[in-house]
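Quick notes on the structure that follows.
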Amino acid sequence: MTADNKQRVYQEPFLEEMFERLHHHKVSQKDYTGLADMLNPIEALADSASLGLDFNDEPADFLRILNEVKYRGSGR
Amino acid sequence: MNKVKELTDLTLIEVAAGIKKGTFSSEEVTRHCLTRIDQAQPILNCFISIDQEAAIKGAQKADKKVASGDKLGVLHGVPLAHKDMFYKKGNRSTGGSKIQKDFIPSYTSTVINRLEAAGAISLGGLNMSEFASGPVGQNLHFGDCRNPWNPKHAPGGSSSGSGSAVAGRLVFGALGSDTGGSVRIPAALCGLVGMKGTQGRVSRYGGMPLSFSLDCFGPLTRTVNDCARIFSVIAGPDKMDPTASLTEVDDYEGICGKPIEGIRVGIDLHYGGIEPSPEVASAIDKALEVFKKLGVTIVEVTMPDQDELNALSNVITRSEAATLHKKWLTTRRNEYSPQVRRRIEIGLAIPATRYLEALSLRSHHLSRFNEAVFEKCDALILPTVGEPSPTLSELDIGDSKELPSMLRRLTGYTRPVNYYGLPALSVPAGFSKTGLPLGIQLVGRPFAEQLLFQMGAEFQKLTDHHFQSPDYL
């Protein structure tokens, strides 16, 4: 995949097919373009961030870390 | 100065004390607020509904309780109003939307139950961004809410009416919700204090959801002490919300006034890669000078890049919002405003794996942020919004191509804090050359709300931004 295509993962025909097949939902071409414009930069950054995931990671780890690093007074 | 203004200029704590002592009655204060709302509503449009009759009845009941000598709650007889998304059994709750404009909930939210138990009076439902989606505060269905510091400017959102009504001296405090900055942004743009607590610190039960992983409810007030009082009432475990934390609630109000000498405040001179306007950067510098006078040590830190965190946060919010709205997106699509529909609809195209990755990465990012920031300092100072409030016409962009950059401008500093799940207190930090408020946020470790209130209260001892009052009437 070229760098340009990677930046444009979401293109109008892809979104149109996905919306129709998965969501039984159809919107205008202008809307597909607007959705793609918003989705592509998010997707590029989220894709790059996903490289940091490990096999055993799961969403519930967040609550464990939230409690582990909680504030216990100045200078901790 | 007339009596209406004198009473409505008091802080929440002063009003609560005055009602308790019998200096004035709750009915007197409530009627003054209602008179002022009557004058201000055509200018600010910050209320969706005004419950005049119920408010006066509630105030009369509160006054009888004062006369009886019964034990009074800490908000006894104090008029508040809330973003129109906190359910109260039998009362309409629109969520700022056309779709829910006639929704009557059959149960009451925990935050409203707790405020009522503390004696607060509600004057009505406040304007907000449709479905709490949008940092500006525009609303196509109920009309735009305006900023009392200059009604041509936005109050910020999504808790726009909460910011506008409290800054406009119409009520003494208001609840908002914060999924990406929606308490802190209007607080900053309207010259108020706003607290977004640690994820799970305040029960979400009975509040309209936008994103169940990131939604936080919190107060907007004029002073830090006022904010601490409301937060003390609403925070804590709740059997109705299993995601509410069981962590013990600290004394938030009692800490206000205690010195902060020796506390370490972190500053990232690159602001995580998002540069604020020179006026906001200057407000941060001045705030650091104030903290130095208070004996605080300033420490340089390097935050992780904010753009990546904003993207991950967006993946979660959009996926969860699309899940909640999916049925209406297909059956009642035209009843959404185009911008809100666009922001929710993108979630339909995000794969489940991407969503779960964004959730699973939260622990990594929180650990990394903790090492980079909180291993070196107790709290981080950041702009709340990188610029003063834009005009409403400047923000009238609908679902156009400018939408992503506008969202980055307004939520770039706030949204990552929701992703980390950290508490943050936005505090007034000065004014722009054009007289618009500027805000800073203090971000703490998980469950460090007490420290943030302590720091904010000390900051307000040496500053007077919160005493300035907009002259819009």
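Observations, loosely collected:
- Each of B:149, B:328 has some number of other Cβ atoms within 10 Å of its Cβ, and from fewest to most they run B:328, B:149.
- Dipole magnitude (debye, nearest 20) for the range B:1-129, charges at Cβ of Lys, Arg, Asp, Glu: 260
- Look at the dipole of the protein assembly as shown built from charges on Cβ: of B:297, B:325, B:417, the Cα furthest out on the positive end belongs to B:325.
- Overall form of the range B:321-473 per C-alpha gyration tensor (a/c, 1.5; a/b vs b/c): oblate
- Sorted by Cβ density within 10 Å, fewest first, the residues B:84, A:37, B:178, B:251: B:251, A:37, B:84, B:178
- Partner aspartates and glutamates whose Cα lies under 14 Å from the Cα of residue B:433, excluding those fewer than 8 positions away in the same chain, are identified as B:279, B:387.
- Cα gyration tensor shape for the range B:1-112, rounded if a/c is under 1.5, else prolate or oblate: oblate
- Size estimate for the protein assembly as shown follows the Kirkwood approach: the inverse of mean 1/r over distinct Cα pairs works out to 23.2 Å.
- Computed on the Cα atoms alone, the convex hull of the range B:115-235 gives a volume of 94 cubic angstrom per residue.
- Dipole axis of the protein assembly as shown (+1 Lys, Arg; -1 Asp, Glu on Cβ), positive-most option in A:19, B:40, B:276: B:40
- Estimated inter-spin distance, residue A:67 and residue B:333, nm [label 7 Å along Cα→Cβ]: 4.5
- Taking B:133, B:203, B:213 and counting other C-beta atoms within 10 Å, the order from fewest to most: B:213, B:203, B:133
- Shielding by partners - mean other protein chain Cβ count within 10 Å, residues of A:52-61: 5
- Gyration tensor verdict on the range B:216-335 (Cα atoms; rounded if a/c is under 1.5, prolate if a/b is larger than b/c, oblate otherwise): oblate
- Helix A:29-50 and the longest principal axis of the C-alpha atoms of chain A enclose an angle of approximately 30°.
- Viscosity 1.306 mPa s, 10 °C: Kirkwood-radius Stokes-Einstein D of chain B over Cα pairs, µm²/s: 73
Every number here is computed from the coordinates shown, using simple stated rules; none is lab data. All of these numbers come straight from a predicted model, not from anything done at the bench. In this analysis, Cβ positions are derived from the backbone assuming ideal geometry, glycine residues included, and neighbour counts consider all displayed protein chains.
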